[in-house]
Amino acid sequence: MPFVTTLTVESGDRDLLEDVVTEIKETAARKGVELKGPHPQSPEDITVPQLKGLSTDGGRFDPWRYTVFTRTIEIVGHDEFARDVTEWEFPNRVHVEASVAQRQGAGR
């Protein structure tokens, strides 16, 4: 029963996100690691309200808007490679989250 590590890579900078995902894919290919993905998710548009002062009656600036791009990658087995990738130093503008699940074969 292999372990599957799912990496969720997010960033507001699409080019930087693609660079990080490409680096993971190329490293996996060199080491013979089986990957599934990257699977792109729909971009998420986020709006953040901004107050002009510390009190709520001071008015508001226009809200701050930005987009977050997300890719997911599944690493099947290859636990050591998955552990190594999660320890990489990623740029500050890229957020990487890992989750691990144990998959069973069909009929079990």
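I'd like the residue in the range 62-108 that is part of a strand (DSSP E or B) and among the charged types (D, E, K, R) and, out of all such residues, is modelled with the highest pLDDT.
At the first step, the residues of the range 62-108 found to be part of a strand (DSSP E or B) are 62-76, 94-102.
Still in the list and also among the charged types (D, E, K, R): 62, 65, 71, 74, 97.
Numbers: Asp62: 86, Arg65: 93, Arg71: 96, Glu74: 92, Glu97: 92.
Once the filter is applied, the top-ranked residue is Arg71.
Checked against the criteria, Gly77 does not count as over 13 Å from the mean Cα position of the chain (by Cα) and at negative phi. A search for C-beta distances below 9 Å between a residue of the range 58-70 that is closer than 15 Å to Val48 by Cα and any residue that is surrounded by 10 or more Cβ atoms within 10 Å (Cβ to Cβ) and hydrophobic (A, V, I, L, M, F, W, C), counting only pairs 6+ apart in sequence or on different chains, returns Gly59/Leu51; Arg60/Leu51; Phe61/Leu51; Trp64/Ile46; Arg65/Ile46; Tyr66/Ile46; Thr67/Ile46; Val68/Ile46. For Gly37, the conditions (1) among the small types (Gly, Ala, Ser); (2) surrounded by 12 or more Cβ atoms within 10 Å (Cβ to Cβ); (3) in contact (Cβ under 8 Å) with a residue 40 or more places away in the chain; (4) within 12 Å of Leu7 (Cβ to Cβ) are fulfilled apart from (3). Residues in the range 1-30 that are surrounded by 13 or more Cβ atoms within 10 Å (Cβ to Cβ) and outside any helix (DSSP H, G or I): 12 in all.
The values are calculated or read from the model by the stated rules, or taken from the named source; none is laboratory data. What you see is a predicted model; the values in this text were computed from it and never measured. Here the Cβ is made from the backbone with ideal geometry for all residues, glycine too, and neighbour counts use every protein chain on show.
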